[in-house]
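Each remark here refers to the structure printed beneath this line.
The values are calculated or read from the model by the stated rules, or taken from the named source; none is laboratory data. In this text, all values refer to a predicted model and were calculated from it rather than measured experimentally. Every residue, glycine as well, gets a Cβ built from its backbone with ideal geometry; the counts of neighbours run over all protein chains shown. Side chains are part of the model used for accessible areas, which takes the heavy atoms of the whole protein and leaves out ligands, DNA and RNA. Shrake-Rupley method; radii C 1.70, N 1.55, O 1.52, S 1.80 Å.
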Amino acid sequence: AGKGPPLLLLHGLGASTVTWRDNVGPLSQHFRVYALDLPGHGNSDKLSIEYDSTRIVRLLVLTIKALGIEELAIIGNSVGGALALMIALRHPDLVSKLVLVNSAALGREITFYLRLVSIPFLGKMLEGSGLNGTRLMLKKIFHDPRFVTQDLINELSRSRSSPGAKDAVVKVIRDTVNVMGVRQEYVLADELQSLGLPLLVIWGR
């Protein structure tokens, strides 16, 4: 949507492009906005692959190049923020600006629930994709409950309940998290100062 400098939006774990629905319009007044469903999420294929960050970053970089984009800004939320940061660190020529919104990869702290999901066999039982599980997830994410609308709950529940979606989410969690928290190799806060590009970090309310 829109015209101007290219801007890519990367959503968080278990979500989809629907989470950017209120942002695309305003941003498209100044940018050419691209939003995509990450592999294993939303309407993307739920492939029987390992959803490790190296593979996902490679797919995202290939997508950017396939679109003919030489340099773009990226806004990433949660896991999308971690992926955006990894792209900027590994492919600095591709990224002009970076916005990290409550991004993963900035510390080891993580919810107790996600630590439990990282445990083999337990993860698939705990990961809730139904209406109640999705509603609970959104209420924990949003500070303002007015954003937790029924149509948002319905859409995310639909995509999170599609065949293979739960496996994809659990695989992402197991790749990046263990019972102690975020795996140390995915804590990239110390590398922020080496980016050499405009960076905005948004955190909390």
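Yes or no, residue by residue, for (1) under 19 Å from L192 (Cα atoms); (2) without any contact (Cβ under 8 Å) to a residue 40 or more places away in the chain; (3) in contact with a Ser or Thr (Cβ under 9 Å, 6 or more places away or on another chain):
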position	(1), (2), (3)
G4	no, yes, yes
T54	yes, yes, no
L62	no, yes, no
S78	yes, no, yes
S96	yes, no, no
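Of all residues in region 108-122, none satisfies being open to solvent by less than 30 Å² (accessible area, probe 1.4 Å), aliphatic (A, V, I, L, M) and outside any helix (DSSP H, G or I). Of the residues in region 145-154, none is among the polar types (S, T, N, Q), closer than 30 Å to E70 by Cα and in contact with a helix residue (DSSP H, G or I) (Cβ under 9 Å, 6 or more places away or on another chain).
The residue list S103, S159 contains one member that is in a loop (DSSP other than H, G, I, E, B) and within 27 Å of L47 (Cα to Cα), which is S103. Can you tell me which residue is modelled with the lowest pLDDT among those in region 11-32 that are more than 16 Å from the chain's Cα centre (by Cα) and not aliphatic (A, V, I, L, M)? Within region 11-32, the match that is modelled with the lowest pLDDT is D22. For V201, the conditions (1) at pLDDT 90 or above; (2) within 25 Å of N43 (Cα to Cα); (3) not in a helix (DSSP H, G or I) all hold with the exception of (2). Figure legend. Inter-residue proximity from region 190-204: first residues touching a residue at least 40 places away in the same chain (Cβ under 8 Å) and within 13 Å of K97 (Cα to Cα), second residues open to solvent by 80 Å² or more (accessible area, probe 1.4 Å) and outside any helix (DSSP H, G or I), beta-carbon distance below 7 Å, spacing 6+ or different chains. Indicated pairs: L197/K97; P198/K97.
Restricting the first member to region 165-181 and to residues that are free of Cβ contacts under 8 Å to residues at least 60 places away in the same chain, and the second to residues that are in a helix (DSSP H, G or I) and open to solvent by 20 Å² or more (accessible area, probe 1.4 Å), the beta-carbon pairs closer than 6 Å and six or more apart or on different chains are V170/K124.
Evaluation of A73 against the conditions (1) touching a residue at least 24 places away in the same chain (Cβ under 8 Å); (2) closer than 16 Å to L13 by Cβ shows that the sole unmet condition is (2).
Of all residues in region 22-37, exactly one satisfies the criterion of being exposed (fewer than 15 other Cβ atoms within 10 Å of the Cβ) and touching a helix residue (DSSP H, G or I) at 6+ places or on another chain (Cβ under 9 Å), namely D22.
All of T17, T63, T54 fail the test of being of a type in the set (V, I, T) and touching a strand residue (DSSP E or B) at 6+ places or on another chain (Cβ under 6 Å), apart from T17.
Within region 36-43, is there a residue that is part of a helix (DSSP H, G or I) and touching a residue at least 40 places away in the same chain (Cβ under 8 Å)? No: region 36-43 contains no residue that is part of a helix (DSSP H, G or I) and touching a residue at least 40 places away in the same chain (Cβ under 8 Å). For region 79-100, the set of residues classified as part of a helix (DSSP H, G or I) and surrounded by fewer than 21 Cβ atoms within 10 Å (Cβ to Cβ) consists of L89, R90, listed by residue number. Selection of region 38-78 for residues being at pLDDT 95 or above, open to solvent by 10 Å² or more (accessible area, probe 1.4 Å) and within 13 Å of the chain's Cα centre (by Cα) yields I75, N77. Going through (1) closer than 15 Å to S78 by Cα; (2) open to solvent by 70 Å² or more (accessible area, probe 1.4 Å) one by one, L188 falls short only on (2).
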